[in-house]
1. Between the stretch 181-206 and the stretch 118-149, what is the separation of their alpha carbon centroids in Å?
2. If contacts are Cα pairs under 8 angstrom and at least 6 residues apart, what is the relative contact order of the stretch 1-150 in percent?
3. Compute the relative contact order of the stretch 39-89 as a whole-number percentage, counting only Cα pairs closer than 8 Å that sit 6 or more residues apart in sequence.
4. When the dipole is taken about the Cα centre of the stretch 242-292, and only Lys, Arg (+1) and Asp, Glu (-1) are charged at their Cβ, what size is it in debye, to the nearest 20?
5. Can you bin the stretch 6-152 into rounded, prolate or oblate? Criterion: square roots of the alpha carbon gyration tensor eigenvalues sorted a ≥ b ≥ c, rounded for a/c under 1.5, prolate for a/b above b/c, oblate for the rest.
6. Given an 8 Å cut-off on Cα distances and at least 6 residues of separation, report the relative contact order of the chain as a percent.
7. Could you tell me the ratio Rg/Rh of the chain? Both radii from Cα atoms, Rh via Kirkwood.
8. In the stretch 67-113, which trypsin sites (Lys or Arg not before Pro) fall in coil by DSSP and have 16 or fewer other Cβ atoms within 10 Å?
Amino acid sequence: MTVSELRRDPVTGRWVVVGTEAPHPRDFARESVIVEPDPDCPMCEGHEHMTPSELWVERAVGGPNGPGWSTRVVPNQAPLVRVEGTLERQGEGLFDKMTGIGAHEVVIESPRHDQTLATLSDEDIARVLWALRERTQDLRRDTRFRYFVMTKNHGAAAGATMLHPHTHLFALPVVPREAQEEVEGARAHWLAKERCLFCDIVRQEEEDGRRVVARTVTLVAMTPFASRSPFETWILPRRHSAHFENCSWDECLDVARLLGDVLRRINQALENPPYQMAIHSAPVVEGYDFYHWHIEILPRVTRSGALESLVGLHLNPTRPEDAAQFLRDLARR
């Protein structure tokens, strides 16, 4: 990356080094995600006995914890945090710690091992989103939880330990640092302008148009101005809403249509790359109406070095304007 510029993220204040030479997608590392059959996969239909009992399910036929389902939610077999126990916080001078209280659930997106979010129908993707919404609504009743994390790792290079299509849902007693940085950025903008920062981003990006990938009546997909990696894409609702879990079924279906479209374009552009995805929603406590929920998709097509991992300065060899143009053009080919 011989020519570059520094760009500041308007939400977090994070700086990113962005290249200006417009490399072609074929120039990136190729680690296409190839899903091989796995007869021992516990998430496949017919293997329901290999997972904990389901917490939520969309089933056409059959009984509980058996075949015939399209979307299924179960507790993670090796949870990072656990529901059982008492939330206790302790301190040792400067060092704070608390018990690992929380919930860790898995949304199994399809009974088929070889499916992905990009190959599911719009209705099936909407059911995945609805499952996340329903489980989050239920977990909100537990007053110990302050923040919900909805994340997906697609491919081993993106951190997936199993290739069967699934999404993780975490309920946490704390707000993670990067989520807190977004919240504080949104709060500062609200106090200064008396407007939502993300609503302003949507308006400015649509007026500019260069970073818009696709849009619907209610949503816009775009490559953010200070993208952390090539082809990073956000999906934002035009209607201001702080919490994803307040979406209606119709809203989930509209998100599903655009999300599937964007993922298919990314797959075509980058030959089915590994990627990470997260739904960002406001903390559950009151007073966060200035926030604006959204989806972030981060393809993993470059390697991270110490500058990113230890300093927090991301290097992106591709201008988001060029990535958006390439993704837009795919719809016309």
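What follows is calculated from the coordinates using simple rules that are stated; it is not laboratory data. From a predicted model like this one, the values you see are computed outputs, not experimental measurements. In this analysis, Cβ positions are derived from the backbone assuming ideal geometry, glycine residues included, and neighbour counts consider all displayed protein chains.
1. Spelled out, the Cα-based centre of one part sits 25 Å from the other.
2. 17 percent
3. Relative CO of the stretch 39-89 lands at 30 percent.
4. My answer is approximately 320 debye.
5. oblate
6. Relative contact order comes out at 22 percent.
7. 0.96
8. 112
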